[in-house]
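Peer 1: Sharing a structure, written as C-alpha cells. Questions coming.
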Amino acid sequence: MKRLFLLIMLPLASLAQKASSVYHLWENGAPGFEHLKNEKEQAKDWWVKNVHHPSITAFFPAEGTGNGTAVLIFPGGGHRELVFNAEGKDAAEFLNQYGITAFVLKYRLARESESPYQLGVHAKEDAQRAIRMIRANATEWRLDVDKIGIMGFSAGGEVAHWMAYGNGMDVLNPIDETDKFNAKPNFQILIYPGPLGVPEIIDKTAPPTFLLTANDDPCCSEPTFQLLKAFRKAGVPVEAHFFSKGGHGFNMGKRSSLKTLSNWPDRLGDWLIDTGLGKQ
C-alpha cells in the first residue's frame, strides 16, 4: 500500500493547486479482480464505462474556502455506464461553491455487457471503500470525519441504498488499515434514486436525507415517496422536493427548459446552509 498512500498524502499546497485529483481505491486493483486492474476505461461525451480499477476523483474548493464537509457522489447510468460529467463533475463543482469537498466515484458496473460483477455487491464495496478512504485521509484533506455524506443519482441512489443503512463496519474483503474506518455516511442526498435496495424499514440511525425527484418520473418517483414516508415514520430529518414535471435524468438541471428543474440545485444549496453542511 506504500504507493497508494504516497499518492494520497500529497502536501495540502499541492492538492489546492489541482482542480481535481484521481485516487484508486486499491493500489493492486479490486480484491478478487486484480487481474482486471489494467483494463482501460471507456469514455465518450457523457458516459464512462468498463470500470475495473475503481477510483475517486476529488474536487477541492478554492483554497481557504473549505468548511470541512465532504460529499461522495455516485453518478447514475443504470449500472451499465456512469454519467460522469452531468451527474458527477457538475455536482462536485456545485458543491465546491458551498465550501464542500466533493469526490466522484467510478464504481464497478454489474449490468454492463459480460460484467463479472454483482448488483448490490461490488458497487457497494467500492462505495464503502471510498468513504473509508476519505475518512482515513480527513486530516490531510482538512475534513471533518463527522461531516462525510453521499450523493446519488438514479442508479447511484441505489448504491446509496445498499451502503447507507447498516452500521458501516461490514467489509467484504478487508485488506488494510483503511478498512477499519466506518463507512456509514453522516447525511445523504438522493436525486431521483432508483428502486433497488430501498429498505422496507428505516430506523432512527439512518442519516438525515435530502430527496428530490419529478412526480412524472416513471421509475423513481414512487420509491422516493416510499423513502419519504419511511424517514418520517422513523423520525429521521428529511427534506423532500417533488416537481410536477421533469421525467427522469434531468441531472443538475442545466439542460431543462423548466424553471423548477433548472433551479433545483438552489434548493439543495439552501438545505446545505440550513443544516450547517455548506456555507454561503
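Peer 1: Here is a check on your reading of the model: is Gln280 in contact with a helix residue (DSSP H, G or I) (Cβ under 7 Å, 6 or more places away or on another chain) and not in a strand (DSSP E or B)? Reasoning before the result, please.
Peer 2: Working: in contact with a helix residue (DSSP H, G or I) (Cβ under 7 Å, 6 or more places away or on another chain): yes; not in a strand (DSSP E or B): yes.
The answer is yes for Gln280.
Peer 1: Next up: For Gly269, indicate whether it is of a type in the set (Gly, Ala, Ser), assigned to a helix (DSSP H, G or I), touching a residue at least 40 places away in the same chain (Cβ under 8 Å) and surrounded by fewer than 21 Cβ atoms within 10 Å (Cβ to Cβ). Explain how you work it out, then say what you get.
Peer 2: Numbers: of a type in the set (Gly, Ala, Ser): yes; assigned to a helix (DSSP H, G or I): yes; touching a residue at least 40 places away in the same chain (Cβ under 8 Å): yes; surrounded by fewer than 21 Cβ atoms within 10 Å (Cβ to Cβ): yes.
For Gly269, the condition - of a type in the set (Gly, Ala, Ser), assigned to a helix (DSSP H, G or I), touching a residue at least 40 places away in the same chain (Cβ under 8 Å) and surrounded by fewer than 21 Cβ atoms within 10 Å (Cβ to Cβ) - is met.
Peer 1: Does Thr205 satisfy being touching a strand residue (DSSP E or B) at 6+ places or on another chain (Cβ under 9 Å) and of a type in the set (S, T, N, Q)? Walk me through it before giving the result.
Peer 2: Working: touching a strand residue (DSSP E or B) at 6+ places or on another chain (Cβ under 9 Å): no; of a type in the set (S, T, N, Q): yes.
Considered against the rule, which asks whether it is touching a strand residue (DSSP E or B) at 6+ places or on another chain (Cβ under 9 Å) and of a type in the set (S, T, N, Q), Thr205 comes out as no.
Peer 1: Let me spell it out: the conditions are (1) surrounded by fewer than 19 Cβ atoms within 10 Å (Cβ to Cβ); (2) at pLDDT below 95, and Pro223 meets all of them except one. Which number is the exception?
Peer 2: Only one criterion is unmet by Pro223, namely (1).
Peer 1: Restricting attention to segment 100-124, which residues are of a type in the set (Lys, Arg) and either crowded, with 23+ Cβ neighbours inside 10 Å or touching a helix residue (DSSP H, G or I) at 6+ places or on another chain (Cβ under 6 Å) (or both)? Don't jump to the end; show me each part of the working.
Peer 2: In the first step, residues of segment 100-124 are kept if they are of a type in the set (Lys, Arg); the result is 106, 108, 111, 124.
The answer is Lys106, Arg108, Lys124.
Peer 1: So which residues in segment 164-189 are of a type in the set (A, V, I, L, M, F, W, C) and modelled with pLDDT under 95? Step through it out loud before you land on a result.
Peer 2: The initial filter retains those residues of segment 164-189 that are of a type in the set (A, V, I, L, M, F, W, C), namely 164, 169, 171-172, 175, 181, 183, 187, 189.
Within segment 164-189, Met169, Val171, Leu172, Ile175 qualify.
Peer 1: Residues Leu82, Leu72, Leu95: which one is surrounded by 22 or more Cβ atoms within 10 Å (Cβ to Cβ), on the phi < 0 side of the Ramachandran plot and in contact with a Pro (Cβ under 7 Å, 6 or more places away or on another chain)? Don't jump to the end; show me each part of the working.
Peer 2: Details: Leu72 fails: in contact with a Pro (Cβ under 7 Å, 6 or more places away or on another chain); Leu95 fails: in contact with a Pro (Cβ under 7 Å, 6 or more places away or on another chain).
From the options Leu82, Leu72, Leu95, the qualifying one is Leu82.
Peer 1: Quick one: which of Asp216, Asp274 is surrounded by fewer than 17 Cβ atoms within 10 Å (Cβ to Cβ) and either within 22 Å of Arg111 (Cβ to Cβ) or free of Cβ contacts under 8 Å to residues at least 24 places away in the same chain (or both)? Step through it out loud before you land on a result.
Peer 2: Details: Asp216 fails: either within 22 Å of Arg111 (Cβ to Cβ) or free of Cβ contacts under 8 Å to residues at least 24 places away in the same chain (or both).
After ruling out the rest, the residue left standing is Asp274.
Peer 1: Moving on. Hey, among the residues in segment 247-266 that are part of a loop (DSSP other than H, G, I, E, B) and aliphatic (A, V, I, L, M), which one's modelled with the lowest pLDDT?
Peer 2: Filtering segment 247-266 for residues part of a loop (DSSP other than H, G, I, E, B) gives 247-258, 263.
Subset that is aliphatic (A, V, I, L, M): 252, 258.
Values: Met252: 94, Leu258: 91.
Ranking the candidates gives Leu258 first.
Peer 1: Would you please name the residue that is nearest to Pro199 (Cα to Cα), looking only at residues in segment 231-246 that are surrounded by fewer than 19 Cβ atoms within 10 Å (Cβ to Cβ) and of a type in the set (Gly, Ala, Ser)?
Peer 2: Ala234
Peer 1: Of (1) without any contact (Cβ under 8 Å) to a residue 60 or more places away in the chain; (2) in contact with a Cys (Cβ under 8 Å, 6 or more places away or on another chain), Ile202 satisfies all except one. Which?
Peer 2: Every listed condition holds for Ile202 apart from (2).
Peer 1: Take the residues in segment 138-149 that are in contact with a Leu (Cβ under 8 Å, 6 or more places away or on another chain) and part of a loop (DSSP other than H, G, I, E, B); name whichever of them is farthest from Phe250 (Cα to Cα). Let's see the steps before the verdict.
Peer 2: First pass over segment 138-149, keeping only residues in contact with a Leu (Cβ under 8 Å, 6 or more places away or on another chain): 140-142, 147-149.
From what's left, part of a loop (DSSP other than H, G, I, E, B): 140-142, 147.
Working: Glu140: 35, Trp141: 31, Arg142: 32, Lys147: 27 Å.
Out of the qualifying residues, it is Glu140.
Peer 1: Identify, from the list Ala127, Ala138, Ala155, Ala183, the residue that is surrounded by fewer than 20 Cβ atoms within 10 Å (Cβ to Cβ) and among the hydrophobic types (A, V, I, L, M, F, W, C). Walk me through it before giving the result.
Peer 2: On the way: Ala127 fails: surrounded by fewer than 20 Cβ atoms within 10 Å (Cβ to Cβ); Ala155 fails: surrounded by fewer than 20 Cβ atoms within 10 Å (Cβ to Cβ); Ala183 fails: surrounded by fewer than 20 Cβ atoms within 10 Å (Cβ to Cβ).
The match here is Ala138.
The values are calculated or read from the model by the stated rules, or taken from the named source; none is laboratory data. Note that this is a predicted model, so its numbers are computed, not measured. Cβ sites come from the backbone with ideal geometry, for glycine too, and all protein chains shown count toward neighbours.
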